[in-house]
Amino acid sequence: SEFSPEEVELLAEMEHERWVEERARQRFVYGSTRDSKKRTHPSLVPYNDLSEEEKDKDRIPVRGIPSFLAKARFQVYRSM
């Protein structure tokens, strides 16, 4: 099975929020350039403020979840 475009977008936004929280715990902050020493990153913004290219960094792995689960003999179930 595959996720619908709406599901992909929702899950990608959730993944971005998870990533932002992870970086915040590591004391990263927004910065116009990525700098590991200064702990700045330009993608530490709300999902809707990301470029389409940056959003794809979250969408692409999300789209792979069903096939990844299938390899482990699991599948996605949607609640009704």
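Would you point out the residue of region 39-80, among those that are of a type in the set (Val, Ile, Thr) and touching a helix residue (DSSP H, G or I) at 6+ places or on another chain (Cβ under 7 Å), that is modelled with the lowest pLDDT? Give the derivation first.
Pass one, region 39-80, residues of a type in the set (Val, Ile, Thr): 40, 45, 60, 62, 65, 76.
Add one more test, that the residue is touching a helix residue (DSSP H, G or I) at 6+ places or on another chain (Cβ under 7 Å), and what stays is 62, 76.
Working: VAL62: 97, VAL76: 89.
Only one residue tops the list, namely VAL76.
Cβ contacts < 9 Å: first residue among the aliphatic types (A, V, I, L, M), restricted to region 39-51; second residue part of a loop (DSSP other than H, G, I, E, B), any location; separation 6+ or different chain. Result?
Pairs found: LEU44/PHE28; LEU44/GLY31; LEU50/SER43.
Just to be sure I understand the filter: pairs with C-beta atoms under 6 Å, separated by 6 or more residues or on different chains, first member in region 15-38 and at pLDDT 95 or above, second member aromatic (Phe, Trp, Tyr). Which pairs pass?
Short answer, once both residue conditions are applied: HIS16/TYR47.
Looking only at region 43-60, count how many residues are under 18 Å from GLU21 (Cα atoms) and open to solvent by 60 Å² or more (accessible area, probe 1.4 Å).
The qualifying residues number 4.
For region 1-31, give me the residue count where each residue is over 17 Å from ILE60 (Cα atoms), of a type outside the set (Lys, Arg) and open to solvent by 100 Å² or more (accessible area, probe 1.4 Å).
At the first step, the residues of region 1-31 found to be over 17 Å from ILE60 (Cα atoms) are 20-31.
Restricting the remaining residues to those that are of a type outside the set (Lys, Arg) gives 20-22, 24, 26, 28-31.
Among the residues that remain, those that are also open to solvent by 100 Å² or more (accessible area, probe 1.4 Å) are: 21, 30.
Summing the residues that are over 17 Å from ILE60 (Cα atoms), of a type outside the set (Lys, Arg) and open to solvent by 100 Å² or more (accessible area, probe 1.4 Å) in region 1-31 gives 2.
The values are calculated or read from the model by the stated rules, or taken from the named source; none is laboratory data. Predicted model only: the values in this text are computed from it and were never measured. Positions of Cβ are backbone-derived with ideal geometry, glycine not excepted, and every protein chain shown enters the neighbour counts. Only protein heavy atoms, including side chains, enter the accessible area calculation; ligands, DNA and RNA are left aside. Shrake-Rupley method; radii C 1.70, N 1.55, O 1.52, S 1.80 Å.
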